[in-house]
2 protein chains.
Amino acid sequence: MPADLNRLSAVELAAQLQTRALSAEQVTRACLARIAQRDGEIHAWAHIDPDYALAQARSLDAGPIVGPLHGVPLGVKDIFDTADLPTSYGSPIYEGNRPAQDAAAVALCRAAGAVVLGKTVTTEFASYQRPATRNPWHTAYTPGGSSSGSAASVADAMTPLALGTQTAGSIIRPAAYCGIVGFKPSFGAVPRAGCKALADSLDTLGGFGRSIDDVALLASVLMREPALVTARRDTAPRVGMYRSLHWRHAAPETREAFAMAAERLKAAGVEVVETPMPDAHCALMQLQADIMAYESVGALAFERWRHADRLSPALAAILDGGARITREQHMANLAQAAEIRGRVERLFGDCDVLLTPSATGEAPFADQGTGDPLFCRLWTLLGVPCIHLPFAKGPQGLPVGLQAIGRIGHDIGLMAAARWIHPLLQK
Amino acid sequence: MPADLNRLSAVELAAQLQTRALSAEQVTRACLARIAQRDGEIHAWAHIDPDYALAQARSLDAGPIVGPLHGVPLGVKDIFDTADLPTSYGSPIYEGNRPAQDAAAVALCRAAGAVVLGKTVTTEFASYQRPATRNPWHTAYTPGGSSSGSAASVADAMTPLALGTQTAGSIIRPAAYCGIVGFKPSFGAVPRAGCKALADSLDTLGGFGRSIDDVALLASVLMREPALVTARRDTAPRVGMYRSLHWRHAAPETREAFAMAAERLKAAGVEVVETPMPDAHCALMQLQADIMAYESVGALAFERWRHADRLSPALAAILDGGARITREQHMANLAQAAEIRGRVERLFGDCDVLLTPSATGEAPFADQGTGDPLFCRLWTLLGVPCIHLPFAKGPQGLPVGLQAIGRIGHDIGLMAAARWIHPLLQK
């Protein structure tokens, strides 16, 4: 039996599983062993049922190859409903909750052969309350949120792939803090049925892997788009460096990564330009926060009505704030967002992708929260696809990187450009 | 005790409940009695628990007035999750399913004091499979679908208010067949959390009542917009008569209602114009059907993977068709829809509202299905608010009417215009 199966890439595992060179049971056991060894320290998993994971694996080993993820282990953020594992949404209100169904995204992965290892820790309703999960690079630090357990478990080689969601910055930020690849597809690209809603205009599903190829494999299943797996370019992309209006919040390591990226790309012959920042973007961060707060009041109406005393004070305060926003103001906010979205093409100009910070800097200390989604809110609101590319280290030795941004709906193009850029950044 | 409490309007009930002139228990008992008497014939209810309904009522009677729906009975389409009643989505797959939570829309109503009488019959996953529910005007006919039980129960005075959803024509069409007021708010106006998804770009929540005022009261709670309750105009609205490109499918009774509406409005001094039909609208019906089919494959991924043998053949065929649509085609479809949506303003011109058929004609026979959403697909796709106004009868003595259409987000304006128009149509 090959050593360290849990460290193999999803693509490598998938290839060997398709030919039966590896069994799903072997791979699943390797991941479960890693979890058993490490999760007492990392706390990435909310619900683990080794017997159930092994049962899925054995059943796949005994049957035909069912799809591109045949036998590949998957972590599922505990914001997705699962019929065979508890689903708690990171809230004591739902302790022991067992839905009757899998979320659509989970079902798509299982129909493609994935083995659901367990549910990964989410912050309370994918909001901001800090969870017990720690950053695998150093447990004094946060892995980010709200997809805390998914990012940490992939970074720690407990699973090659995991599902996440982003409403503000909940995929890209934890990917950045954990030094892995996180992909937030275009808004609407992955079905949301059975995924606990936080804000209907913003909630976007995606996932994590340790390489672009791994994330592309997962996304090809979630988006029902096989072309993502092989998406490549014949020529260098033209890259716009987008500093963002929040640049003053960028820590030195982020500024350094930004400058280093431009240099390395130029050195490799990639055309790089500095993308100007439209004044309208000033309003976007607050706009995103207000739309999220207003819609959360609706989405969490049941919890707010029936279980107000079991919401964290921080979330209750966010909801109270959202409840003070009028419908009229919300309509105006949505209209303003739509207008700016309509002008995104101009932002790209003749660039194929933008490169921009994913987070202010390295992960903050775990007791300070899950970090600030500042550099992500804009892109979630615009609905554009984003992929975090790790390639540097900060002063504490923690990961740093940048996110590449594509045009809405051009997820394949973004994936192709990211595949061109990432190896150059890593040099 | 006043006779026929079940026939009072929601607004009248609410007023008497707020002053304690009526108790919630009295009102609930009257509705339960009507259900007990009639539902053996109508089959509007999927799950009824009289003890639970009465317990809610007594609890409201014993406590303070909690909101504008205090003590008002409500039917909940069985596509909405409910924590205290089974939720089956009209499918044998979910027989006996008990979610841990109420859908957000249900919670908003309950937080406003509504008494949930029970769950009303939905077609399978709010799709087209015909249910057992019959039209209260004549049980040989369908009440329409997919909100079959909600429309039939309101029309039959089993409940003053009921919740519905529309993805193609599932609120407006049953309202038309049952001769009641049905309101589909603007897309995105009511939170969808906990409502079984069918198509993320289209699913819209709304409700039914026997008058505009009743529906406005319900919508004010669902949309958190008190202004809907009192929305009125000082001057006559300018009305565009929109024949629709499907006019050739309009039965004689629909053509007659359309002509009669124009005449009555003109006679009352309302400015009425014939709205020209943009050529682009030719594509919209198929566009809506294709977007719905593609997204249903995603939304029902779990049922299609795990329970394919328990889907109706008709739904399975729709899903198979949707699975043949590529993501690329779907993106192009969404882009085309967005473009046409951007031009809706031009369609309205200087009209305040449009009046257009809600259905081809009277309700078809029950064994022929739930009727054709033909005249609704366009408006659901455009995301505009629609309200069905009943005012005429067809050759079988069944109800006929028209829907009034407003600009997206202008639900208050539509409600005000509908309040002006409806009494004139009924003359």
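The values are calculated or read from the model by the stated rules, or taken from the named source; none is laboratory data. These numbers were taken from a predicted model, which means no experiment stands behind them. Here the Cβ is made from the backbone with ideal geometry for all residues, glycine too, and neighbour counts use every protein chain on show.
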For region A:170-202, how many residues meet the condition of being part of a loop (DSSP other than H, G, I, E, B) and either small (Gly, Ala, Ser) or closer than 21 Å to residue A:138 by Cα (or both)? 12
Positions within region B:1-20 being assigned to a loop (DSSP other than H, G, I, E, B) and either surrounded by 19 or more Cβ atoms within 10 Å (Cβ to Cβ) or modelled with pLDDT under 95 (or both), in sequence order: B:1, B:2, B:3, B:4, B:8
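Residue check: is residue A:206 under 17 Å from residue A:109 (Cβ atoms) and either touching a Gly at 6+ places or on another chain (Cβ under 9 Å) or touching a residue at least 40 places away in the same chain (Cβ under 8 Å) (or both)?
Yes, satisfied.
With respect to residue B:383, determine if the residue is under 30 Å from residue A:227 (Cβ atoms) and either touching a residue at least 12 places away in the same chain (Cβ under 8 Å) or of a type in the set (A, V, I, L, M, F, W, C) (or both).
On the way: under 30 Å from residue A:227 (Cβ atoms): yes; either touching a residue at least 12 places away in the same chain (Cβ under 8 Å) or of a type in the set (A, V, I, L, M, F, W, C) (or both): yes.
Yes: the conditions hold for residue B:383.
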Restricting attention to region B:91-115, which residues are in contact with a Phe, Trp or Tyr (Cβ under 9 Å, 6 or more places away or on another chain) and over 14 Å from residue A:100 (Cβ atoms)? B:102, B:103, B:104, B:105, B:106, B:107, B:108, B:110, B:111
Which residue pairs have Cβ atoms closer than 6 Å, lie 6 or more positions apart in sequence or on different chains, and pair a first residue in region B:234-249 that is among the hydrophobic types (A, V, I, L, M, F, W, C) with a second residue that is modelled with pLDDT of 95 or more and assigned to a loop (DSSP other than H, G, I, E, B)? B:236/B:270; B:239/B:270
Among the residues that make up region A:222-229, is at least one of them touching a Pro at 6+ places or on another chain (Cβ under 8 Å), surrounded by 22 or more Cβ atoms within 10 Å (Cβ to Cβ) and of a type outside the set (Phe, Trp, Tyr)? yes
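Can you pull out every residue in region B:322-335 that is under 26 Å from the mean Cα position of the chain (by Cα) and more than 10 Å from every other protein chain (Cβ to nearest Cβ)? Give the derivation first.
Residues of region B:322-335 that are under 26 Å from the mean Cα position of the chain (by Cα), as a first pass: B:322, B:333-334.
Of everything in region B:322-335, those that are under 26 Å from the mean Cα position of the chain (by Cα) and more than 10 Å from every other protein chain (Cβ to nearest Cβ) turn out to be B:322, B:333.
What about residue B:144, is it in a loop (DSSP other than H, G, I, E, B), out of contact with any Ser or Thr (no Cβ under 9 Å at 6 or more places or on another chain) and either within 26 Å of residue B:316 (Cα to Cα) or touching a residue at least 24 places away in the same chain (Cβ under 8 Å) (or both)? Please lay out each step first, then the result.
Working: in a loop (DSSP other than H, G, I, E, B): yes; out of contact with any Ser or Thr (no Cβ under 9 Å at 6 or more places or on another chain): no; either within 26 Å of residue B:316 (Cα to Cα) or touching a residue at least 24 places away in the same chain (Cβ under 8 Å) (or both): yes.
So residue B:144 does not fit the description; no.
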Just need a number here: residues in region A:107-160 that are more than 20 Å from residue A:42 (Cα to Cα), out of contact with any Cys (no Cβ under 9 Å at 6 or more places or on another chain), aliphatic (A, V, I, L, M) and surrounded by 24 or more Cβ atoms within 10 Å (Cβ to Cβ). 3
Selection from region A:258-284 of residues hydrophobic (A, V, I, L, M, F, W, C) and more than 28 Å from residue A:343 (Cα to Cα) yields A:260, A:267, A:268
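Filtering region B:336-355 down to residues that are over 30 Å from residue A:411 (Cα atoms) and under 25 Å from the mean Cα position of the chain (by Cα), which residue is surrounded by the most Cβ atoms within 10 Å (Cβ to Cβ)? Walk me through how you get there before you give the answer.
The initial filter retains those residues of region B:336-355 that are over 30 Å from residue A:411 (Cα atoms), namely B:345-355.
From the residues that got through so far, the ones that are under 25 Å from the mean Cα position of the chain (by Cα) too are B:345, B:347-348, B:351-355.
Working: B:345: 10, B:347: 21, B:348: 19, B:351: 21, B:352: 23, B:353: 26, B:354: 26, B:355: 28.
It comes out as B:355.
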Being closer than 29 Å to residue A:139 by Cα and not polar (S, T, N, Q) is true for just one of A:68, A:50, A:64. Which residue is that? A:50
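Restricting to region A:363-388, what's the tally of residues that are in contact with a strand residue (DSSP E or B) (Cβ under 8 Å, 6 or more places away or on another chain) and surrounded by 24 or more Cβ atoms within 10 Å (Cβ to Cβ)? Let's see the steps before the verdict.
Pass one, region A:363-388, residues in contact with a strand residue (DSSP E or B) (Cβ under 8 Å, 6 or more places away or on another chain): A:363-366, A:375-376, A:379-380, A:383-388.
This time we only want the ones that are surrounded by 24 or more Cβ atoms within 10 Å (Cβ to Cβ), so: A:363, A:375-376, A:379-380, A:384-388.
Here the count works out to 10.
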Filtered residues of region A:187-215 (kept if over 15 Å from residue A:114 (Cβ atoms), out of contact with any Ser or Thr (no Cβ under 8 Å at 6 or more places or on another chain) and more than 10 Å from every other protein chain (Cβ to nearest Cβ)): A:212
Can you name the residue in region A:394-403 that is touching a Pro at 6+ places or on another chain (Cβ under 9 Å) and buried (at least 20 other Cβ atoms within 10 Å of the Cβ) and, of all such residues, is farthest from residue A:277 (Cα to Cα)? A:399
For region B:281-292, which residues satisfy the criterion of being more than 11 Å from residue B:168 (Cα to Cα), touching a residue at least 60 places away in the same chain (Cβ under 8 Å) and among the aliphatic types (A, V, I, L, M)? B:284, B:287
Of these, A:190, A:181, which one is among the β-branched types (Val, Ile, Thr) and either more than 30 Å from residue A:41 (Cβ to Cβ) or surrounded by fewer than 20 Cβ atoms within 10 Å (Cβ to Cβ) (or both)? A:190
Could you tell me whether residue B:201 is of a type in the set (Ser, Thr, Tyr), closer than 25 Å to residue B:374 by Cβ and either surrounded by fewer than 24 Cβ atoms within 10 Å (Cβ to Cβ) or more than 23 Å from the chain's Cα centre (by Cα) (or both)? yes
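Closer than 30 Å to residue B:29 by Cα and either free of Cβ contacts under 8 Å to residues at least 12 places away in the same chain or within 14 Å of chain A (Cβ to nearest Cβ) (or both): which single residue out of B:165, B:159 fits that description? Talk me through it step by step, then tell me what you get.
Values: B:159 fails: either free of Cβ contacts under 8 Å to residues at least 12 places away in the same chain or within 14 Å of chain A (Cβ to nearest Cβ) (or both).
B:165 is the lone residue from the list that is closer than 30 Å to residue B:29 by Cα and either free of Cβ contacts under 8 Å to residues at least 12 places away in the same chain or within 14 Å of chain A (Cβ to nearest Cβ) (or both).
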Does region A:335-346 contain any residue that is modelled with pLDDT of 95 or more and out of contact with any helix residue (DSSP H, G or I) (no Cβ under 8 Å at 6 or more places or on another chain)? no
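Residues are listed down the side, and each one gets a yes or a no for (1) closer than 24 Å to residue A:203 by Cβ; (2) among the aliphatic types (A, V, I, L, M):
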{"residue": "A:350", "(1), (2)": "no, no"}
{"residue": "A:353", "(1), (2)": "yes, yes"}
{"residue": "A:358", "(1), (2)": "yes, no"}
{"residue": "A:364", "(1), (2)": "no, no"}
{"residue": "A:404", "(1), (2)": "yes, yes"}
{"residue": "A:407", "(1), (2)": "yes, no"}
Go through (1) aromatic (Phe, Trp, Tyr); (2) under 16 Å from residue B:179 (Cα atoms); (3) crowded, with 24+ Cβ neighbours inside 10 Å one by one and return the number of the condition residue B:391 breaks. (3)
Is at least one residue of region A:253-275 at negative phi, within 14 Å of another protein chain (Cβ to nearest Cβ) and touching a helix residue (DSSP H, G or I) at 6+ places or on another chain (Cβ under 7 Å)? no
Of B:88, B:9, B:59, B:23, which residue is without any contact (Cβ under 8 Å) to a residue 24 or more places away in the chain and of a type in the set (Ser, Thr, Tyr)? B:59
Hits in region A:295-314 - residues which are under 27 Å from residue A:246 (Cβ atoms), touching a residue at least 40 places away in the same chain (Cβ under 8 Å), buried (at least 21 other Cβ atoms within 10 Å of the Cβ) and in contact with a helix residue (DSSP H, G or I) (Cβ under 7 Å, 6 or more places away or on another chain): A:296, A:299
